Amino acid sequence: MEGFFNSINKIFEFIVPVADFLWDFPTNFQWYSNIPIIGKFSLAILLLVGSGIYFTFKMGFVQCTKFKKGIKILAEKKSHEAGISPLASFLLSSAMRIGPGNIVGVTGAISVGGPGAIFWMWVSAFFGMATAFVEAVLAQIFKEKKDDEFVGGLPFYGMKILGNKRAIGIVLAVLFIVYAMFCIPAQTFNIVTSLSSVVETITGTVYERQSLLYYAITILLIASVVVTVFKGINGVTKVTDKLVPIMAIVYVGITLVIIIFNLDKVPVFFTAVFAGAFKPQAIFGGAFGVALAQGIKRGLMSNEAGQGTITMAAATADTDHPVEQGLVQALGVFLDTMVIATMTGIVVVMASLWAAESGVAW
């Protein structure tokens with residue numbers, strides 16, 4: 001097991017510098033970073049947030065005007081001859097979105113940019129809802145039926161939009177495969193360490209990485225994934241249909257209990273967020289929704305708006321119209337950032353962790 005963790009560390013020793021360079025490009029060049037205001041934003045941030053703003057105005061603020069319609073679609077119960085229901089697709093994509101990014105990402109944004117970064121996270125997610133809407137609609141338009149399931153996503157519609165050339169589809173597919181292969185060790189590491197931390201906290205015992213505990217957790221994870229995945233998309237959604245609501249309710253419930261017992265500190269949260277949002281550090285370093293580039297990285301990995309990964313889940317749904325799935329996926333961004341991530345932010349800010357002596361006094 002020790003060798004497994006060492007292998008992951010070696011992989012990230014290569015990946016992290018490359019990823020940091022790409023995420024920060026071209027802010028890592030002095031000539032660009034010297035440009036007022038714009039020089040603080042990397043190309044990735046400009047593309048992600050810029051596309052969200054463009055789609056918001058182009059679609060007539062669809063995330064606002066059709067918000068209730070999206071909720072209504074989730075509440076509808078219809079029979080589906082192929083694919084999965086919009087609700088199942090929503091829960092599947094939420095299983096992909098909600099995770100460590102909702103805790104680590106938010107905490108990182110606050111630690112770098114102060115409580116005001118939360119406000120800009122809301123702004124970023126607001127425009128990200130429009131991006132998620134467009135992604136999902138495209139996935140639905142260009143999806144293909146295979147047996148009793150639908151398949152599609154960015155590699156599908158990317159190939160068809162860009163000239164319907166097979167080579168383009170292959171390149172996009174390979175990119176996603178490589179991305180997935182790198183995600184496997186990363187997510188495995190997160191899950192194994194998280195579960196082991198829970199066990200250590202409960203038992204009060206610290207376990208070595210080569211202990212039986214780590215092997216047992218790994219074997220359990222492998223077995224559960226194999227059993228679930230080999231049942232196809234319907235098998236996966238049967239699991240996410242049950243686990244995602246439980247996960248969300250438990251997390252929100254715990255944070256609500258903390259908030260209820262600290263109601264006197266709620267005004268402190270809103271004061272800190274809105275006061276800090278318009279400080280120069282938050283505006284010029286926060287990048288419209290997450291503090292500095294570090295925040296936007298974690299934010300993207302959290303709600304995945306603009307990343308293209310959610311398009312696979314969006315394509316599997318059987319809907320009456322492609323727009324329906326777009327509205328559903330926009331709600332996914334809302335749940336992830338506006339609800340789950342905000343809960344984390346409230347707890348962190350009310351606890352004044354961001355103003356610790358070892359940190360920055362915002």
Exercise for the section: Determine whether the range 322-332 contains at least one residue that is outside any helix (DSSP H, G or I), surrounded by fewer than 24 Cβ atoms within 10 Å (Cβ to Cβ), modelled with pLDDT of 85 or more and over 19 Å from the mean Cα position of the chain (by Cα). Expected result: no
Handout entry: Flag for LYS77 being in a loop (DSSP other than H, G, I, E, B) and farther than 28 Å from PHE278 by Cβ
Key = yes
Completion exercise
Checking ILE283, ILE296, ILE258 in turn, the sole residue that is modelled with pLDDT of 80 or more, assigned to a helix (DSSP H, G or I) and not charged (D, E, K, R) turns out to be ILE258
Exercise for the section: Given the conditions (1) more than 21 Å from TRP122 (Cβ to Cβ); (2) at pLDDT below 85, report the number of the one that SER42 does not fulfil. Expected result: (1)
Practice task
Please find, within the range 94-153, the residue that is nearest to the chain's Cα centre (by Cα) out of those that are under 25 Å from PHE55 (Cβ atoms) and acidic (Asp, Glu).
Solution key: GLU135
Practice task
Out of GLY108, GLY128, report the one residue that is within 29 Å of THR319 (Cα to Cα), of a type outside the set (A, V, I, L, M, F, W, C) and not in a loop (DSSP other than H, G, I, E, B).
Solution key: GLY128
Practice task
For GLY158, state whether it is closer than 16 Å to GLN329 by Cβ and at pLDDT 80 or above.
Solution key: no
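If only one of THR237, THR228, THR271 is closer than 19 Å to TRP122 by Cα and modelled with pLDDT of 75 or more, which one is it?
Selected residue: THR271, the only one of THR237, THR228, THR271 that is closer than 19 Å to TRP122 by Cα and modelled with pLDDT of 75 or more.
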Exercise for the section: Would you be able to tell me the number of residues in the range 26-68 that are assigned to a helix (DSSP H, G or I), in contact (Cβ under 8 Å) with a residue 60 or more places away in the chain, in contact with a helix residue (DSSP H, G or I) (Cβ under 6 Å, 6 or more places away or on another chain) and not aliphatic (A, V, I, L, M)? Expected result: 6
Practice task
Among the residues of the range 27-63, write down those that are loosely packed, with under 13 Cβ neighbours inside 10 Å and more than 17 Å from GLN307 (Cα to Cα).
Solution key: PHE29, GLN30, TRP31, ASN34, ILE35, PRO36, ILE37, ILE38, PHE57, LYS58, GLY60
Practice task
Would you tally the residues in the range 333-362 being closer than 14 Å to GLY113 by Cα, in contact with a Gly (Cβ under 8 Å, 6 or more places away or on another chain) and either outside any helix (DSSP H, G or I) or at pLDDT 70 or above (or both)?
Solution key: 2
Handout entry: Cβ pairs under 6 Å, 6+ apart, first in the range 146-167 and closer than 10 Å to THR311 by Cα, second of a type in the set (Val, Ile, Thr) and not in a strand (DSSP E or B)
Key = GLY153/THR311; LEU154/THR311
Handout entry: Unmet requirement for ALA216, which otherwise passes all of (1) at pLDDT below 75; (2) assigned to a helix (DSSP H, G or I)
Key = (1)
Practice task
Using the structure shown, decide if TRP23 is modelled with pLDDT of 85 or more, farther than 16 Å from ALA132 by Cα and in a helix (DSSP H, G or I).
Solution key: no
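The values are calculated or read from the model by the stated rules, or taken from the named source; none is laboratory data. This is a predicted model, so every value here is computed, not measured. All Cβ positions, even for glycine, are placed from backbone atoms using ideal geometry, and neighbour counts span all protein chains on display.
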